[in-house]
Amino acid sequence: MTDYILAIDQGTTSSRAIIFGAAGDIIGVAQREFPQSYPQDGWVEHDPEAIWNSVTDTLRQVFDKCPVTPAEIKTLGITNQRETTLVWNKHTGETVYPAIVWQDRRTSETCRQLSEDTALTDYITERTGLLLDPYFSATKIGWILDNVEGARELAEAGELLFGTVDTFLIWRLTKGASHVTDATNASRTMLFDIHSQQWDERLLDEFNIPKAMLPEVLDCAAEFGELDESLLGTGIPIQGVAGDQQAALVGQACFDKGMAKSTYGTGCFMILNTGDTPLMSENRLLTTVGYRLDGKTTYALEGSIFMAGATIQWLRDGLHLIDNAEETEALAQRSRRDNGVFLVPAFTGLGAPYWDPDARGAILGLTRDTGISEIVAAGLQSVCYQTKDLQKAMECDGARPVTLRVDGGMAKNDWVMGFLSDILGAEVERPVVTETTALGAAYLAGLQAGIYDSVNTLSKQWLCETTFRPRLTKAQRDQAYEGWQAAVARIRCC
Ligand SMILES: Nc1ncnc2c1ncn2[C@@H]1O[C@H](COP(=O)(O)OP(=O)(O)O)[C@@H](O)[C@H]1O
Ligand SMILES: O=P(O)(O)OC[C@H](O)CO
């Protein structure tokens, strides 16, 4: 019997179900977008039922699109948008509030007030590897408990459960049998000690979060529960879980120290494998769990950019300059070179390495002959310049990436990848399979199911499709990057 693996990739804008063969080949894909909700400036929410329905629909649809049956699936992996926070009633399964999405900045003021206590901010960074910021789950949980009527009392009585999207999905897919997460997702809550691999009692206390709400933390390849038969007519073990960016690190086979990947989806996340000791950044990058296998943690350094593909969505839906993301490539090719236009997409503040929640976006350098092409090109370039910011910060931390592998929706754009290589002054490798996030979840499940004997087998399966090489001189690169830095300086608040 062939070893098929099913993966769920629950992303910020869409959910996918993908069936992989053991060689990492894609057998079938189903995808469904779901609505985003922006109730106030800086707020971003998802309807939990829309997330759930998009997952169950794609789980069923993927089998309509290929000859494999659910009974032929050996194992199931789950990967997810991270930090996004859900709280639900453990008896009814009903969420008490919409999912507060990772991009949401409603707790900026809470974070600002807490940051006055420098002993606390130092403690947070030392224990969690993160920076005190609204991005992470801790203050989002607190906001729900403080703002939803009766929620705090119910939570203290042990009636409410917290989960990131992986936990919420597993809880529902197992009909409430498993309340679990994995170490990568736990490491994004700002409540998890990445050294001891335990929930941190002091942080639970500081953020006023009852411990009973929290899921059990497992390795990335482990027994997370069994898919309830009612969904696909058969039970399938859930054996691999990782937050989407860490799953991409696994899918890109970045198993050696110094290997890095950058995923260009809604946001962009560059993650560098730093081996078995956590490298604490002095340049406002995050220290995080890369993956945890057989109880052994591999750490990573991460730079998180909030707006990558989301900038292209804004060009499409906000400005109506384009009809679809794909046409940006041809438009950018037609743009005037060195036109001096910079788009800084700080729609919800700036992420790494600036961490400026109050900054707001701008388009600078407009002249009378600036046209749609130049603005679109500036939107695409902003993603590359932000990656350059991260590369620079990593280098300052003494961790220069030896390889950069790219993936995500935007990585399909050759113009962007060419400019990325130019501005980084480094080679950029795009693999044959760009669904690396789902692939990583499938690989983790496959490791637990015994389909793969070790990560070395997975490294051998990675295949390069295109290598982009830099074409700019150092002087040209420096000049372009200085223009970006000047544009960022104009919009920063801190
Ligand atoms: N050819 C392209 N050029 C530029 N951006 C693209 C292209 N194709 C997709 N995108 C952008 O990539 C994003 C989708 O990537 P995906 O990896 O599916 O995101 P997510 O997992 O965050 O939902 C969208 O924001 C879209 O605007
Ligand atoms: O949904 P994505 O792919 O943009 O990823 C979201 C990240 O996990 C947020 O940290």
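Numbers for the structure displayed
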{"item": "Antiparallel bridge percentage (DSSP; both residues within the chain; nearest 5)", "result": "70 percent"}
{"item": "Radius ratio Rg over Rh of region 94-214, counting only Cα atoms, Kirkwood formula for Rh", "result": "0.94"}
{"item": "Greater than 20 Å apart at Cα, pairs in LYS140/LYS211; LYS257/LYS474; LYS388/LYS474; LYS412/LYS460", "result": "LYS257/LYS474; LYS412/LYS460"}
{"item": "Karplus 3J(HN,Hα) series, Hz, for region 484-494 with 6.51 cos²θ - 1.76 cosθ + 1.60 (x for Gly, Pro)", "result": "5, 4, 5, 5, 5, 4, 5, 10, 6, 9, 9"}
{"item": "Mean-position separation - Cα centroids, region 448-469 and region 253-269, in angstrom", "result": "14 Å"}
{"item": "Amide N of region 207-234 lying under 12 Å from the label point, which is placed 7 angstrom from the Cα of LYS175 along Cα→Cβ", "result": "226-234"}
{"item": "Derived scalar couplings ³J(HN,Hα) [region 41-54; Karplus, 6.51 cos²θ - 1.76 cosθ + 1.60; whole Hz; x for Gly, Pro]", "result": "4, x, 9, 9, 10, 10, 6, x, 5, 5, 4, 4, 5, 5"}
{"item": "Cα→Cβ-extended label distance, 7 Å offset, between THR473 and GLN197, nm", "result": "5.2 nm"}
{"item": "Convex hull of region 4-245 built on C-alpha atoms - directionally averaged projected area, nm²", "result": "12.7 nm²"}
{"item": "Ratio Rg/Rh, restricted to region 381-494 and using Cα atoms, in which Rh is the Kirkwood radius", "result": "1.06"}
{"item": "Charged-residue dipole, Cβ positions (Lys, Arg, Asp, Glu), the chain about Cα centre, Debye nearest 20", "result": "1360 debye"}
{"item": "Inter-label distance for GLN31 and CYS493, nm, one decimal - labels placed 7 Å from Cα along Cα-to-Cβ", "result": "3.4 nm"}
{"item": "Mean accessible surface per residue for the chain, computed with a 1.4 Å probe while every protein chain stays in place, in Å²", "result": "37 Å²"}
{"item": "Translational D in µm²/s for region 255-298 (Stokes-Einstein at 4 °C, 1.567 mPa s, Kirkwood Rh from C-alpha pairs)", "result": "113 µm²/s"}
{"item": "Kirkwood hydrodynamic radius (C-alpha pairs) into Stokes-Einstein, region 15-109, 37 °C and 0.692 mPa s, D in µm²/s", "result": "214 µm²/s"}
{"item": "Net charge of Cβ neighbours under 13 Å - reference GLU94; Lys, Arg +1; Asp, Glu -1", "result": "-1"}
{"item": "Volume per residue of the C-alpha convex hull in region 374-441, rounded to whole Å³", "result": "97 Å³"}
{"item": "Expected-Rg normalisation [2.2 N^0.38 Å, Cα atoms] applied to region 331-405", "result": "1.27"}
{"item": "P(r) histogram, all alpha-carbon pairs of the chain included - 10 Å bins from 0, percent", "result": "4, 21, 32, 27, 13, 3, 0"}
{"item": "For region 58-112: relative contact order, % (alpha-carbon pairs under 8 angstrom, 6 or more apart)", "result": "23 percent"}
{"item": "Over the chain, relative contact order from alpha-carbon pairs under 8 Å, at least 6 apart, %", "result": "15 percent"}
{"item": "Estimated D of region 68-151 in µm² per second, where Rh is the Kirkwood radius over Cα pairs and Stokes-Einstein applies at 25 °C, 0.890 mPa s", "result": "162 µm²/s"}
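The values are calculated or read from the model by the stated rules, or taken from the named source; none is laboratory data. Note that the structure is a prediction, hence the values are computed from the model and not measured. For neighbour counting, all protein chains shown are included, and Cβ atoms are generated from backbone atoms with ideal geometry for every residue, glycine included. With ligands, DNA and RNA removed, areas are computed over all heavy atoms of the protein, side chains included. Shrake-Rupley method; radii C 1.70, N 1.55, O 1.52, S 1.80 Å.
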